[in-house]
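Scroll down for the structure; my scribbles are underneath it.
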Amino acid sequence: MEIRHLQHFIALAEEGKFTLAARRMNIVQSGLSVSIKELEQELGSQLVTRTTRKVSLTAAGELFLEHARGCLTLLNDGVQAVRSQGGVVRGRLHLGILQSLTPYVPLAALLQRFHSSYPEVEFAVRALSTGAIPALVRSGAVDLSFQAIVDKERWPGVQVIPYAQDSLVAICSSKHALAKSSSVRLEMLSHEMFVDLTPERALRKLVDQVFTQHHLPRSSVYQVSDVETQLYFVAHGLGVAIVPSALARSSSASHHLHTLRILSQPLKLPKWRIAILTRPRRKNIPGKTTVELFLETLAGLSRTAKLSGET
């Protein structure tokens, strides 16, 4: 078994098609197919089910995928440790991000500063769905990711670092009848038509939790997959929404939105929370890892932003 076999298998598992995986690995499709067959023969088990349109993993393939990713992660850690001995930081940092991260993280400035400070680090950024993040971090496919936390969630093999929390507010069009007020009772809000995210999104789960805990019904008339569309619909009077306050502040002027404080009794509204997920640090890695350097860069940028705000 060779390293390329693992790389090819992981690419195929993530892309779902031989054509896309071959393009990603910069080899011909027939070469990729031969590599996967060699790996299956080596293991004595079928790893993928091939159809004309898509490739899916077998149970054995799902099991092997996590170990293959872990193997390459350990290899990358070793390469990073050796290459960094000369004082030049090398290695990789594969970063996961979420929608609506910008109000909490100056992402463009952060990425520019990190890349400028450590130009030899292999750097990649992926927008991820919340549900996929823990497994990708645990397996090593993603080194660090921001994650929305809805409950007291913990995942084996994943370190959870609290990063930010925010209050929930209601938003409506500046022409909506509620725009005459600065606050709204949750009971009154429950009678409005809602523009929601789709059920698998973390913010949607949190909003559903709010109304369930208060035993209030509501009408989710529109369900969209991204925040920008949600804000657009609300701004055009199609309904109201509940969002984190930082998102409301950053979007109110450009989208002509009105923000309302939500009054809820007797229960307080839960907070919108963002954490950083990464794998626990291995003690035998000398020096600082790329994850630790990234966290230092993030902390430094946050301090700079706070000082600028104070002045």
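Laboratory data are not the source of any read-out in this text; all were calculated from the coordinates shown. This is a predicted model, so every value here is computed, not measured. As a convention, Cβ positions derive from the backbone with ideal geometry for all residues, glycine included, and neighbour counts pool all protein chains shown.
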Residue by residue through the stretch 293-300, the couplings from Karplus 6.51 cos²θ - 1.76 cosθ + 1.60 with θ = phi - 60°, in Hz, x for Gly and Pro, are 5, 5, 5, 5, 5, 4, 5, x
For the chain, the longest principal axis of the Cα atoms and the Cα long axis of helix 245-255 enclose an angle in degrees, to the nearest 10, of 80
Placing each pseudo-label 7 Å from Cα in the direction of the beta carbon, T102 and S129 end up separated by a distance in nanometres of 2.4
Quick shape check on the stretch 1-72: root eigenvalues a ≥ b ≥ c of the Cα gyration tensor, a/c under 1.5 is rounded, otherwise prolate if a/b tops b/c, else oblate, and it reads rounded
Note: probe point = Cα of Q265 + 7 Å toward Cβ; backbone nitrogen < 17 Å; residues of the stretch 183-202 passing the test are 183-190
Taking Rh as the Kirkwood radius computed over alpha-carbon pairs of the stretch 234-275 and applying Stokes-Einstein at 20 °C with viscosity 1.002 mPa s, one gets a diffusion coefficient in µm² s⁻¹ of 180
Taking 0.36 nm per residue of separation between T49 and E292 and subtracting their Cα-Cα distance, the length gained on full extension comes to 83.6 nm
Counting sequence-distant residues (5 or more places) and residues on other chains, those with an amide H built under 5 Å from that of M193 are V240
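How much of the DSSP beta bridge set in the chain is antiparallel, as a percent to the nearest 5?
55
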With R₀ set to 30 angstrom, the calculated FRET efficiency between the beta-carbons of S254 and M188, to the nearest 0.05, is 0.65
Sorted by chain and then number, the residues having a modelled amide H within less than 5 Å of the amide H of L57, at least 5 places away or on another chain, are T49
Too long for a 31 Å Cα-Cα cut-off, among K175/K205; K152/K288; K175/K268; K37/K205; K180/K205, are K37/K205
Here the gain from full extension of E153 to L63, 0.36 nm per residue of separation minus their alpha-carbon distance, amounts to 30.1 nm
In this structure, the FRET efficiency calculated for E228 and A177 from their beta-carbon separation, with R0 = 22 Å, to the nearest 0.05, is 0.35
